[in-house]
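Heads up, the thing below is written out as structure tokens.
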Amino acid sequence: MEIRLLRWIRHRWLDDAALRLPHGFVERLAEGIRRSEQAHSAQVSLHIESSLPTSYLWRKREMSALLEMRAKDLFASKGIWDTEENNGLLIYLCLAERSVELVFDRAVQRAIDGAQWESMLSRMAQHVQSSDIEVGMLEFLGEMSTLLAEHFPVTQGRTPTNEISDTPTLQ
């Protein structure tokens, strides 16, 4: 009980302050996603939360399991699993935990080795831990774009369909 209470206090304390992001931050990340999606047919969504919702904080689970659960729930609720080519992915960032999670649709999961994602995610997590979120996220989007373009190239003569908003959601 005590651990969950301390977890709750930390997340509620950061609830408002954590989303005071630098001016233009969201716009620069949205542009990074737009540029990325011009190179491949995959659909990218970015969700940034200051803290986990209270309903997650009271669960008797390790924080890593809660963050993964939250990312999967957002992936489902945003309908990212329902893209035409089953190649959507969600980047979930929880500022209170300085943690990043990735959730992929079936085609992405089948096409790209998990070790490649882990390597990229590890580099981005280092930026997030040092509060250099924007640089880390933009570098990750660039690396991710190259990787996705190998496996999900844009079909010649066809304009990619944007099925998911490029604008990061903040909560």
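The values are calculated or read from the model by the stated rules, or taken from the named source; none is laboratory data. For clarity, every value in this text was computed on a predicted model and none was experimentally measured. Methodologically, a virtual Cβ is constructed for each residue, glycine included, from the backbone with ideal geometry; neighbour enumeration extends over all protein chains shown. We work out accessible area using only protein heavy atoms, side chains counted, and drop any ligands, DNA or RNA first. Shrake-Rupley method; radii C 1.70, N 1.55, O 1.52, S 1.80 Å.
Dipole of the chain computed with +1 at Lys/Arg Cβ and -1 at Asp/Glu Cβ about the Cα centre; of Leu6, Gly114, Ser130, farthest Cα towards the positive end is Leu6. Put a plus charge on the Cβ of each Lys and Arg, a minus charge on the Cβ of each Asp and Glu, and nothing anywhere else: the dipole of region 84-139 about its Cα centre is then about 120 debye. Calculated mean residue ellipticity at 222 nm for the chain: -15500 deg cm²/dmol, from DSSP H runs with n ≥ 4 weighted as -39500 (n - 2.57), summed, divided by the residue count and rounded to 500. Summing charges over neighbours of Val128, with a neighbour being any other residue whose Cβ is under 14 Å away from its Cβ, gives -4 when K and R count +1 and D and E count -1.
Among the listed options [x] 62, 29, 21; [y] 58, 33, 26; [z] 43, 37, 23, the one matching Cα extents along the principal axes in Å as calculated from these coordinates is [y]. What separates the Cα centres of region 120-171 and region 52-86 is a distance of 19 Å. In a reduced charge model with +1 at each Lys and Arg Cβ and -1 at each Asp and Glu Cβ, region 11-135 shows a dipole moment near 280 debye about its Cα centre.
List the trypsin sites (Lys or Arg not before Pro) in region 68-120 that DSSP assigns to loop (not H, G, I, E or B) and whose Cβ has at most 13 other Cβ atoms within 10 Å. Which are they? Intermediate values should be presented prior to the final figure.
Numbers: sites: Arg70, Lys72, Lys78, Arg98, Arg106, Arg110; in loops: Lys78, Arg98.
Counting only loop positions with at most 13 other Cβ atoms within 10 Å, none of the trypsin sites (Lys or Arg not before Pro) in region 68-120 qualifies.
Normalised per residue, the accessible area of the chain is 53 Å², obtained with a 1.4 Å probe and no contribution from ligands, DNA or RNA.
Report the relative contact order of the chain, percent, no decimals, based on alpha-carbon pairs under 8 angstrom and at least 6 residues apart. Don't skip to the answer; put the middle values down first.
Working: 246 pairs, mean separation 58.5, N = 171.
About 34 percent, as a whole number.
Beta bridges assigned by DSSP with both partners in the chain are antiparallel in approximately 40 percent of cases. When the GluC sites (Glu not before Pro) in region 78-110 are filtered for DSSP coil states and for at most 12 other beta-carbon atoms within 10 Å of their beta-carbon, the remaining sites are Glu84. Each residue of region 88-95 is assigned a 3J(HN,Hα), and the resulting list reads x, 8, 10, 9, 10, 10, 10, 5 Hz, derived from the Karplus form 6.51 cos²θ - 1.76 cosθ + 1.60 (θ = phi - 60°), x at Gly and Pro.
In this simple spin-label model, placing a label point 7 Å from the Cα along the Cα-to-Cβ direction at both Lys60 and Ser119 gives a separation of 4.1 nm.
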